[in-house]
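The values are calculated or read from the model by the stated rules, or taken from the named source; none is laboratory data. Just so it is clear, the model here is predicted, and its values are computed rather than measured. For neighbour counting, all protein chains shown are included, and Cβ atoms are generated from backbone atoms with ideal geometry for every residue, glycine included. Note: accessible area is taken over every heavy atom of the protein model, side chains too, but ligands, DNA and RNA are not part of it. Shrake-Rupley method; radii C 1.70, N 1.55, O 1.52, S 1.80 Å.
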Amino acid sequence: VASFLKSIFGRGESGEEGEHQQEPGAQAPAGGDPQPWFYQPNRNQQDRFPRFKSGAAGTRTGRHEDEEFARARAKLREAFTPSQPVTNKRLFAGRLQVLVQLIEAIEDRLAHVVVFGERGIGKTSLLHILADLARESDYLTLRATCGAGAKFDVMFRNLLQEVPLVYHRSVSPTDEGSEIGANIANLLPDYAFDARELSDLLQGVTSCRVLIILDEYDRIESEAFRVNMAELIKNLSDCAAPVQIVIAGVSSNLHELIGYIPSIRRNVVGLPLPKLSHEEVEEIINLGERASSLQFAPEVVPLIERIAEGSPYLVRLACYHSSLIALESGRMNVLPTDFRDGLNHMVRESAARLSHEALQRSQRLNWVRDEACLDAVAHLAAMPSGWFSILDISEQVGPAECDNLEAFIRKELIPAGLMLEEEGPRGSRYRFVDEGLQSYLWISLARNRMAGGAG
Ligand SMILES: Nc1ncnc2c1ncn2[C@@H]1O[C@H](COP(=O)(O)OP(=O)(O)O)[C@@H](O)[C@H]1O
Ligand SMILES: [Mg+2]
């Protein structure tokens, strides 16, 4: 069993490889690992090269089983691709409580809403479903994804092109201006307007309710944008305009995202998006099973749940990798060994996203001795901004362990060139030098734990 596990996880009994045991990513692509599954020799020996598994246009002609395989693979991709938000209710699991709160805030309290939570927790997916539900109830729903360089006037000018001019008080239905295609963006000044001018215009919206959904709000760098936004929310509330705003962003709290005017706080409902419950994890797996026709063995579900720790992104990532491996072995049922092999792929994939230096430096860590500290740091760095403070450390590990962990960061991680320290508003704060280190550490440690626990 030990050698079996070792071959799967690339990790022997502790101590076997000396103090500085090979760290988990060390046997990544170029190392001595067995060839990854996608390089396995083809059934047909003459065909030396890996191939695209499904024809881009679905036109590839081949053996019947190839086509079936390609179909299964395409379905699998749809069911579990972790890099895409869910835009389809059929694949959207759980979150009903949050949706109820969102709708209640919008409909009954006429509030503006800020949805916040860590990366991968499901904000974008939730907003897609919210937009669908709002459209079904005849809200004029406008959506935008913010970029780092987003400009307030440009963004709203674009959004408001979707609001027909007939919904503005200044235009009567018989006006010439109300012809098809005319929209209220035409009523905006042609210079870079600000929140006051925009809310003056939106006050005139009539005979409809407008919901403006802004995703990835944390990416906005412009201070002016944020100030304008806070002012817009305040003005819209003050004049009871039929326009409401939903903002989503990576943050651990409401005020980090939108905190400029204290008085807007009562006009804004903050909704943290929590980790998935056990039932929600199961539901993602069940919905994916239905969509892909694959079956997860009951023992696999708790394994997935354990590494995901409530993140829908990690649930789908683990499901995706383990089911691909099952499929490659010609099976439609996913077994614990598929999960373990899948986890190895996840480690390699996250290693491949690191810079060369970051990978090398992380391989010099003592993964076995410092497992608990590394694990705590991986969790801390999952904070939305990547930064965490002494207070966060104390909250995460308790005051007794706090000094210990801080010493570990200062004596090990910072000198190793893996973390940075900065004077923040609340004392020192820390983050990884490479954003990818957090998920690399997280996934590698999970794999090690499973290797240990499985024996
Ligand atoms: N309610 C859900 N049901 C099923 N999958 C979900 C759900 N929420 C998120 N996911 C999956 O988790 C991953 C991250 O979701 P996403 O909405 O992009 O998160 P965020 O915007 O918070 O970074 C995606 O693969 C998405 O498909
Ligand atoms: Mg998102």
Any residue in region 123-152 that's within 18 Å of P164 (Cα to Cα): show its pairings with residues that are within 11 Å of ligand 1 (Cβ to nearest atom) at Cβ separation under 7 Å, as long as the two are six or more apart or on different chains.
none
Identify all residues within region 104-131 that are within 16 Å of ligand 2 (Cβ to nearest atom) and assigned to a helix (DSSP H, G or I); write none if there are none.
K123, T124, S125, L126, L127, H128, I129, L130, A131
Region 403-436 - residue that is among the charged types (D, E, K, R) and over 17 Å from L391 (Cβ atoms) and, of those, surrounded by the fewest Cβ atoms within 10 Å (Cβ to Cβ):
K411
Scan (1) modelled with pLDDT under 85; (2) open to solvent by 70 Å² or more (accessible area, probe 1.4 Å) for the single condition R209 breaks and write down its number.
(1)
If you scan region 112-133, which residues turn out to be open to solvent by 10 Å² or more (accessible area, probe 1.4 Å) and either of a type in the set (A, V, I, L, M, F, W, C) or closer than 17 Å to P274 by Cα (or both)?
F116, E118, R119, G120, G122, K123, T124, S125, L133
Looking at S329, S362, which is the one that is of a type in the set (S, T, Y) and open to solvent by 40 Å² or more (accessible area, probe 1.4 Å)?
S329
Condition check for N333: among the polar types (S, T, N, Q), at negative phi and touching an Asp or Glu at 6+ places or on another chain (Cβ under 8 Å):
no
Please pick out the residue among F156, F152, F116 that is more than 16 Å from ligand 1 (Cβ to nearest atom), under 30 Å from A382 (Cα atoms) and at pLDDT 85 or above.
F152
Condition first: within 14 Å of ligand 1 (Cβ to nearest atom) and in contact with a strand residue (DSSP E or B) (Cβ under 8 Å, 6 or more places away or on another chain). Now tell me which residues in region 264-303 satisfy that.
L271, P272, L273, P274, I285, E289
When region 212-236 is examined, which residues are found to be in contact (Cβ under 8 Å) with a residue 60 or more places away in the chain, away from ligand 2 (no atom under 16 Å from the Cβ) and surrounded by 21 or more Cβ atoms within 10 Å (Cβ to Cβ)?
I212, N228, M229, I233, L236
Filter result for the condition that a residue is surrounded by 19 or more Cβ atoms within 10 Å (Cβ to Cβ) and over 22 Å from T145 (Cα atoms), over L198, L294, L202
L294
Within region 124-147, how many residues are within 14 Å of ligand 1 (Cβ to nearest atom), of a type outside the set (G, A, S) and under 21 Å from N267 (Cα atoms)?
3
